[in-house]
Amino acid sequence: MTQAAAGKAIVILGGGTAGWMAACLIAQRWPHAQVTLVESPEIGIVGVGEGSTPQLKYFFDRLGIAEAEWMPACDATYKLGIGFHGWSDRAGYTAYYHPFPTALDSHTAPHFFYNTRARRTGRDVVAHPDRFLLPARLAAAACAPQPDANFPFEVSYGYHFDAHKVGAFLGHHATTKLGVVRLQRTIADVERDASGDIAALLCDDGERIPGDVFLDASGFRSILFEKTLGVPFQSYADTLFNDRAVVLPTPRDEAPPLPSQTRATALSAGWVWDIPLTTRTGNGYVYSSRHLSPDQAEAELRAHLGVGDVGTARHLTMRVGRVAKSWSHNALAIGLAQGFIEPLEATALHIVMATVEAFLDAVDANGFTPAASAPFNDTIAARYDGVRDYIVAHYRLNQRATDPTGYWAEARALSQLSDPLKSLMSAWFTGADMAALIEQMGIGRYYSAISWHCLMAGYGTFPDDARLVPAGPDIERIDMLKIDDFLDRCALNFRPHLTHLPGQPN
């Protein structure tokens, strides 16, 4: 801990997963700071998603919290990646799997890259991602990402969980193990000092909560950043249409197997998530209100789930974009107050972790100074924009012909794309080396070359089959049977999800 942070009063406005995650990270890193979290008893958690990237495992490992402790308490299951269904109508490409890349992929990914490039240039070779990567096989078999002891490769994975329970679990850990003070208050106003910094939160009963550093975890209300500091919001609505969600959980099928993947299924004006928990299945339809009314969306979701009028649906409004700066004056924005990119790739908690840890690193290196905040803001903005580009590519490159609302055709016609995304698409369609370009552009830290290849190849964005020609002597013949054998034997080291899930009977 630096001298700059010693003795500082850190005040977090807003609980939920984002607020409590930040409280844990700060209190652990800066044990001599005074961390207080203020949450309103009247305001609930939005909780639009219940999935994570592998960074959540890093977070719990960092705090020293074992899976056996937190997973059963939060109805959590393992997540190997995301299965995409119906985003393409091309024969052989109606579904594909986006894995979390693992150490083992270094053995097969080069063959995948090679064959996709050969097929992009008109050669009739196998190029579907599911044939080349182990996590696709494991997810198809509903295996847990926990291999036998003699398997020498680590497998990356995330989790599915109940967002409300994770927030409550982290709140208990922060207050009982890390000394965070929890206040239940309703904030009526925010006090600023002569320099423009935030001086205190003012409660509706007249209480004043002073601080040196404030974190805004107040959700879409963005009380500190937009309402108090006037930090502008930069919308992504020109390229990401979805601004609504309708959520309807269903009971979990008690019969095995328990899936170890999120399922993202394209519907008429967006997509539906299917997230398996130990107690229920989380379902939600993320859609565009320009193409579908809330009643139409709920009806389509119910028809998709086959539940009729059973259960009560919850309707949510989303604002997609980010604040122009995540660190302004003496305040840091996190969670929905900072920004939101629809939950297609479950990046929300990943960005919270990246933001808080980058902030702590910046302060430890340069204190609470412009020398620290300026590069920090550039880094976080680039991360948001990098994630946005990957999400936009899902829509821009869709191959879905079934389109009663015109939503998918409009998405394919998007022209206001970032320069990095334009460069990637140009490289793909001209047969260039995508992996080399991703490394050259430095964007692999947001999504790896494997992720980009899975997306573009998984949709079948190749020349029409009628235009393909057999691979000639200039093309290396990848022995697919050998790859199948290699991955099949690797998969023998993994067991069904339920048998390796903490808190479940084996």
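Quick look at the values:
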read-out: Single match in THR379, THR355 (criterion: at pLDDT 95 or above, assigned to a helix (DSSP H, G or I), of a type in the set (Val, Ile, Thr) and open to solvent by 20 Å² or more (accessible area, probe 1.4 Å)); value: THR379
read-out: First in the range 36-60 and over 16 Å from ALA23 (Cβ atoms) and part of a loop (DSSP other than H, G, I, E, B), second anywhere and at pLDDT 55 or above and of a type in the set (Phe, Trp, Tyr), Cβ under 8 Å, 6 or more apart; value: VAL46/PHE220; GLY49/TRP273; GLU50/PHE161; SER52/TYR159; SER52/PHE161; THR53/PHE100; PRO54/PHE100; PRO54/TYR157
read-out: Selection status of GLY321, closer than 29 Å to SER423 by Cβ and touching a helix residue (DSSP H, G or I) at 6+ places or on another chain (Cβ under 7 Å); value: no
read-out: Residue list for the range 350-372, filter: under 25 Å from TRP20 (Cβ atoms), of a type outside the set (Val, Ile, Thr) and in contact with a helix residue (DSSP H, G or I) (Cβ under 7 Å, 6 or more places away or on another chain); value: HIS350, MET353, ALA354, GLU357, ALA358, PHE359, LEU360, ALA362, ALA372
read-out: Which numbered condition GLU410 misses (of (1) farther than 22 Å from HIS98 by Cα; (2) open to solvent by less than 50 Å² (accessible area, probe 1.4 Å)); value: (2)
read-out: Residues of the range 494-506 that turn out to be open to solvent by 30 Å² or more (accessible area, probe 1.4 Å) and either in contact with a Ser or Thr (Cβ under 7 Å, 6 or more places away or on another chain) or in contact (Cβ under 8 Å) with a residue 40 or more places away in the chain (or both), as a count; value: 8
read-out: 1 or more residues open to solvent by 10 Å² or more (accessible area, probe 1.4 Å) and within 27 Å of LEU481 (Cβ to Cβ): qualifying helices (runs of 4 or more DSSP H) within the range 62-160; value: 109-120, 134-140
read-out: Odd one out for LEU468 among (1) of a type outside the set (S, T, N, Q); (2) within 25 Å of ASP105 (Cα to Cα); (3) touching a strand residue (DSSP E or B) at 6+ places or on another chain (Cβ under 8 Å); (4) surrounded by fewer than 17 Cβ atoms within 10 Å (Cβ to Cβ); value: (2)
read-out: Pair list, Cβ under 8 Å, 6 or more apart: the range 464-486 residue within 20 Å of THR121 (Cβ to Cβ), other residue assigned to a helix (DSSP H, G or I) and of a type in the set (Gly, Ala, Ser); value: ALA471/ALA118; ILE475/ALA118
read-out: Residue list for the range 333-352, filter: part of a helix (DSSP H, G or I), more than 24 Å from LEU455 (Cα to Cα) and not hydrophobic (A, V, I, L, M, F, W, C); value: GLY335
read-out: Selected residue (criterion: farthest from PRO99 (Cα to Cα)) from residues of the range 161-186 that are more than 23 Å from the chain's Cα centre (by Cα) and open to solvent by less than 60 Å² (accessible area, probe 1.4 Å); value: THR186
read-out: Count of residues meeting criterion [part of a loop (DSSP other than H, G, I, E, B) and over 28 Å from LEU258 (Cβ atoms)] in the range 460-506; value: 16
read-out: Any chance ALA174 is more than 30 Å from GLY460 (Cβ to Cβ), outside any helix (DSSP H, G or I) and out of contact with any Ser or Thr (no Cβ under 7 Å at 6 or more places or on another chain); value: no
read-out: Subset of the range 242-258 (residues that are at pLDDT 95 or above and either open to solvent by 10 Å² or more (accessible area, probe 1.4 Å) or touching a Ser or Thr at 6+ places or on another chain (Cβ under 6 Å) (or both)); value: ASN242, ASP243, ARG244, VAL247
read-out: Verdict on VAL387 being out of contact with any Lys or Arg (no Cβ under 6 Å at 6 or more places or on another chain), open to solvent by less than 40 Å² (accessible area, probe 1.4 Å), closer than 21 Å to TRP20 by Cβ and outside any loop (DSSP other than H, G, I, E, B); value: no
read-out: Top-ranked residue in the range 419-448 [being under 14 Å from ARG120 (Cα atoms) and hydroxyl-bearing (Ser, Thr, Tyr); ranked as farthest from the chain's Cα centre (by Cα)]; value: THR430
read-out: Residue in the range 187-194 that is small (Gly, Ala, Ser), open to solvent by 20 Å² or more (accessible area, probe 1.4 Å), under 20 Å from the mean Cα position of the chain (by Cα) and farther than 30 Å from LEU258 by Cβ present; value: no
read-out: The one condition in (1) over 18 Å from ALA109 (Cβ atoms); (2) in contact with a helix residue (DSSP H, G or I) (Cβ under 6 Å, 6 or more places away or on another chain); (3) modelled with pLDDT under 95; (4) not basic (Lys, Arg) that LEU414 fails to fulfil; value: (3)
read-out: Conditions (1) free of Cβ contacts under 8 Å to residues at least 60 places away in the same chain; (2) touching a strand residue (DSSP E or B) at 6+ places or on another chain (Cβ under 7 Å); number of the one not met by GLN338; value: (1)
read-out: Test: residue in the range 255-265 that is among the hydrophobic types (A, V, I, L, M, F, W, C) and closer than 18 Å to MET71 by Cβ; value: yes
read-out: Residues of the range 423-446 that turn out to be touching a Gly at 6+ places or on another chain (Cβ under 8 Å) and modelled with pLDDT of 95 or more, as a count; value: 1
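The values are calculated or read from the model by the stated rules, or taken from the named source; none is laboratory data. Note that the structure is predicted; figures quoted are calculated from it, not measured. Positions of Cβ are backbone-derived with ideal geometry, glycine not excepted, and every protein chain shown enters the neighbour counts. All accessible areas refer to the heavy atoms of the entire protein, side chains included, with ligands and DNA or RNA removed. Shrake-Rupley method; radii C 1.70, N 1.55, O 1.52, S 1.80 Å.
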